[in-house]
Amino acid sequence: MVTKDSVGYFFQDVKLEGVTWKAGIRDGDQLLEINGKPILKLYEASHILNSMSEGDSALYKVSRDEEIFETKVEVKKLIQFGGLSFAILALIWLIVGFVVIKSKDDGIIQITFFRIGLAFVLFASFNLLIVDNIKNPLYEYPILVQIVDHLWTFGTLFLPFLILKFFWIFPKPIKYFNRKWIDNLLFIIPTFLFLLLVLVKYIFVYQGAVNVYKFYGVMAVGSILSIFISGFIGLISLFVNYLKIKNEKDRKPIFVILVAYTIGILAAIYTFVLVTAGNPAMRFNQPEVFLPLILIALLPVAFGYSIFKYSLMDVSDVVKTTLLYGFATISIAATYFFVIYILGQTLSSAIGTEYQGLIAGVIFVAFAIIFQSTKDKFQNLIIRKFYPEQFAYQKVLCKFSNDVVTIVGLENILKSTTNTFIEALKLAVFGIVLKNNSNGKFELREGVGLNNSSLILNTNEESLISFLKNKRDTKQALVIDDSDFNLACPESAETLIAQGIYTVIPLIIKNKIVGLLLFGLKYSGSRFAGKDIELLTAAANQTAVSIENARLYESEKEKLILDRDLENARKIQNSLLPSVIPKIKGLDISGTMLPAMQVGGDYFDVIKVSESKVFAVVGDVSGKGLAASFYMSKLQTMVKLYCNEESTPFDVLTKINSRIFKEMEKNWFITCTIALFNSENKSVKICRAGHTPISVVTDGVVQDFIPSGIGMGLEAGRLFEKNLEQMELPLTEKSLFCLYSDGVNEAMNSEDEMFGINNFNKILISESNLDTSIIQEKIISSLKDHRGTAPQNDDITFVLVKINNV
């Protein structure tokens, strides 16, 4: 009798005309013993029956209405279709996954697909735990039971999340789910749950603190439910992706998978919802109703079919050509040895058996020499036949190696590269984008099959470099698949996909990305992978070198042209400067202009307007180089135009300012000093338009004169004239006048120290008794000594006028 402190086991849902029914047992009967062993735990009954063979009879002791009787029950073995279905599914998925990942071991889609296969295997390992522990050798080692338990738990928890991840990126990433935080979440959640369950097992389950059957029952139901939910979401995701595919050729393999997937989901719904929920006893009474569950194995079968039939995930070519290549190679080797054998036997029978060994050796050597000389042709023939695309890649590399060194000009190289790839690989979509160094964008230079002929990729180079660095650090090929677009170049991901680009290979020179090669699908309709990528990367490296060499050539060519133009400009500028200093009685005059670049913005002139009058002019255009030299030439023309016998420095500067204000860019201006020396009345008139002071050395003392004035080109006229002051000074015997630009006193050395006005004045004082030509050389020499190895930082210009016997 069962009391509140004891446990009893009663029959329920006894199958009509089943083995238990035939033994006379009915619903409500209590099981007491089997084969003389009391049944205190339910699993004890399972152990006894599982230790018996099918067809044997087990002796049941049964209680009915307090009447006890014994009866023989035939032992019947049933197939556990649920476990079998998942085991078959796991096996097929793992095999297909292994082939997939071998074709492209660094692809995210391929890796995730393979991991699903592993997770299914771990999930199916639960079958090892539910097998009767009397016959199961695993139970002899409790530690192994725990390991299998943890592996099953691991697979159970990760499987739903791997399914979600895969169908959110296959065949194309779904934009909403293709986010880094979602990817992280799909890893963090199952990891946390796994660690939590392991902890619960060691604290409670393994210690007997909770009912083992209830715990694993709940886990089993939860795992089945989570896999079903994730599978259903995956089906919806695949259907959404299928609707987005416009190309009929691309839709075919997905349609096959979609149909098989739908059948599998329907089989699961039928089994677990209708059968299990409707009548759980059907598991034992009618196990055949679980048979449709095997249809879930159609999903990996459909993947396998699509892979081999439609080259999905780049597998078909790899497997088929490998098998055919192996068969062809073995056939050639067999033919080789067969011919040797036949020739040896034929000649031996004709000549005699005593020379058989010698004959065989001679034939072997002779045929080996012949075979060796033709083996490359055989190998090329095999590669051409079974690896046509790989053979084409080899042609690409050979063509690059032989031709690229003879091609001159960037445009010619780009066209040759495009034509070679299109001709050899028969690509429908291909493009070359090069980095524009001025704006950092990647611009299409050559392309075939692209929708946008003016394609510009606004790619963040830092993201791209970081992605490629991670690839290099993990020993992966430097290639960007369409599944990686959001990681490597998120700003351009949608653009690339819209253009039908599936593979991007960077053009790298000295760790700098100079461009990208854009590839569509192969001629076969599959993506580039495996050996293809190695060959394309090698071709890309050669392309990068060729493009960079062409750019350097173009740059050097432009530099030579610029140097030639600058040299011409220098000659023109020099021709504008006075080649001969005019002679004026009583005056010793010298002047020079040393440009910081090939041409400069400084200007000096000495203009004789009468036998007693001469203008000395020094000007400085803001800035340096060609633009400054252009304005300098304008200044020279105007000075020549307005300096005459009747003009004063004030007149000349006001006229020049009025005109040049209209012709000069607003961010430019000119400073200038003009001195009119008159030997007849022994005076000099000086005007300064914002220029450096005029230094005058008299009796060993330097005095700076700074008449007021602003630069020319800054104001239209009224303010300029108002601020312009003309100063008149007497000419004193042996005095030295110096008009100079700021390039003299601001000359810098390698330590950024200026030459300074004090050093300049010292030279003027110490050398003032010498001729101006010698003083000029002394100044130039001192400036060079001060500058040392530092480049000249500004134009250096000065005019020296020494007063002698006026």
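Total Lys pairs in the range 588-742 closer than 22 Å by alpha-carbon, pairs eight or more apart in sequence or interchain only?
Lysine pairs, 8 or more places apart or on different chains, close enough: 28.
Within the range 596-672, which trypsin sites (Lys or Arg not before Pro) sit in a loop by DSSP and count at most 11 neighbouring Cβ atoms inside 10 Å?
K666
Can you list the HN-Hα couplings for the range 110-116, worked out from phi with the Karplus curve (6.51, -1.76, 1.60; θ = phi - 60°), rounded to whole Hz and with x for Gly and Pro?
My calculation for the range 110-116 gives 5, 5, 5, 4, 5, 5, 4 Hz in order.
Just to confirm the filter: which GluC sites (Glu not before Pro) across the range 453-519 are DSSP coil and have at most 14 other Cβ within 10 angstrom of their Cβ?
In loop regions of the range 453-519 (DSSP not H, G, I, E or B), the sparsely surrounded GluC sites (Glu not before Pro) are E491.
Compute the projected area of the convex hull of the Cα atoms of the range 159-233, averaged over all viewing directions, and report it in nm² to one decimal place.
Orientation-averaged projected area of the Cα hull: 5.4 nm².
Taking every pair of alpha-carbon atoms in the range 695-796, give the share separated by more than 21 Å as a whole percent.
It works out to 47 percent of all Cα pairs.
Leaving out ligands, DNA and RNA, what percent of the accessible area of the range 409-489 is carbon and sulfur, probe 1.4 Å?
Solvent-exposed carbon and sulfur of the range 409-489 make up 43 percent of the total.
What is the ratio of the Cα radius of gyration of the range 414-462 to 2.2 N^0.38 Å, with N the residue count, to two decimals?
Its radius of gyration relative to the 2.2 N^0.38 Å reference: 1.23.
Could you list which residues have their amide H under 5 Å from that of L731, counting only those 5 or more apart in sequence or on another chain, with H placed in the peptide plane?
Close amide H contacts, sequence-distant or interchain: S683, V684.
For the range 32-40, what does the Karplus curve 6.51 cos²θ - 1.76 cosθ + 1.60, with θ = phi - 60°, yield as ³J(HN,Hα) per residue in whole Hz, taken in order and with x for Gly and Pro?
Calculated HN-Hα couplings, in order: 10, 9, 10, 6, x, 9, x, 9, 9 Hz.
Mind pulling the per residue volume of the convex hull built on the Cα atoms of the range 443-496? Å³ is fine.
So the per-residue hull volume is 91 Å³.
Give a quick list of chymotrypsin sites (Phe, Trp or Tyr not before Pro) in the range 153-220 that DSSP marks as loop, anything other than H, G, I, E or B, with at most 11 other Cβ atoms within 10 Å.
Within the range 153-220, the qualifying chymotrypsin sites (Phe, Trp or Tyr not before Pro) (loop, at most 11 other Cβ atoms within 10 Å) are Y176.
Residue by residue, what Karplus-based ³J(HN,Hα) values in Hz, rounded to whole numbers, does the range 492-499 have, using 6.51, -1.76 and 1.60 with θ = phi - 60° and x for Gly and Pro?
For the range 492-499, the Karplus-derived couplings read 10, 4, 5, 5, 5, 5, 5, 7 Hz, x marking Gly and Pro.
On a straight-distance basis, which lysines could pair with K22 in a cross-link, Cα separation under 27 angstrom, same-chain partners fewer than 8 positions away excluded?
Once the sequence-local lysines are set aside, what remains near K22 is K37, K41, K61, K72, K76, K77.
When the convex hull of the C-alpha atoms of the range 1-96 is computed, what volume per residue in Å³ does it have?
Enclosed volume per residue, from the Cα hull, is 139 Å³.
For the range 613-743, compute Rh as the Kirkwood radius over C-alpha pairs and then the Stokes-Einstein diffusion coefficient at 10 °C and 1.306 mPa s; write the answer in µm²/s, rounded to an integer.
106
Under 15 Å from the Cβ of K246, count the other residues' Cβ atoms, weight Lys and Arg +1, Asp and Glu -1, and hand me the total.
+3
Once Rh is set to the Kirkwood radius over Cα pairs, what Stokes-Einstein translational diffusion coefficient, in µm²/s, holds for the range 218-270 at a temperature of 10 °C and a viscosity of 1.306 mPa s?
Rounded to a whole number, D works out at 131 µm²/s.
For the range 751-806, evaluate the Debye formula with one uniform point scatterer on each Cα (no solvent term) and list log10 I(q)/I(0) at q = 0.13, 0.17, 0.29 Å⁻¹, rounded to two decimals.
Values, matching the q order: -0.37, -0.59, -1.36.
Across the range 162-284, how large is the tail of the calculated P(r) beyond 20 Å, expressed as a percent of all Cα pairs?
59
Can you tell me the FRET efficiency between S46 and N451 if r is taken as the Cβ-Cβ distance and R0 is 60 Å, rounded to the nearest 0.05?
With a Förster radius of 60 Å, E is 0.35.
With all pairs of different alpha carbon atoms counted, what Kirkwood hydrodynamic radius in Å does the range 504-645 show?
Every distinct Cα pair counted, the radius reaches 20.2 Å.
With respect to the cross-link table entries K175/K512; K172/K469; K415/K510; K104/K522; K104/K510; K175/K435, which display a Cα-Cα separation exceeding 18 Å?
With Cα atoms farther than 18 Å apart: K175/K512; K172/K469; K415/K510; K104/K510; K175/K435.
Measuring from the lowest to the highest alpha carbon on each principal axis, how far does the range 579-665 reach, largest first, in angstroms?
39, 28, 15
The values are calculated or read from the model by the stated rules, or taken from the named source; none is laboratory data. Note that the coordinates shown come from a computational prediction; the quantities given were computed from them, not determined experimentally. Note: ideal-geometry Cβ built from the backbone for every residue, glycine included; neighbour counts use all protein chains shown. Calculation scope for accessible area: heavy atoms of the full protein, side chains included, ligands and nucleic acids excluded. Shrake-Rupley method; radii C 1.70, N 1.55, O 1.52, S 1.80 Å.
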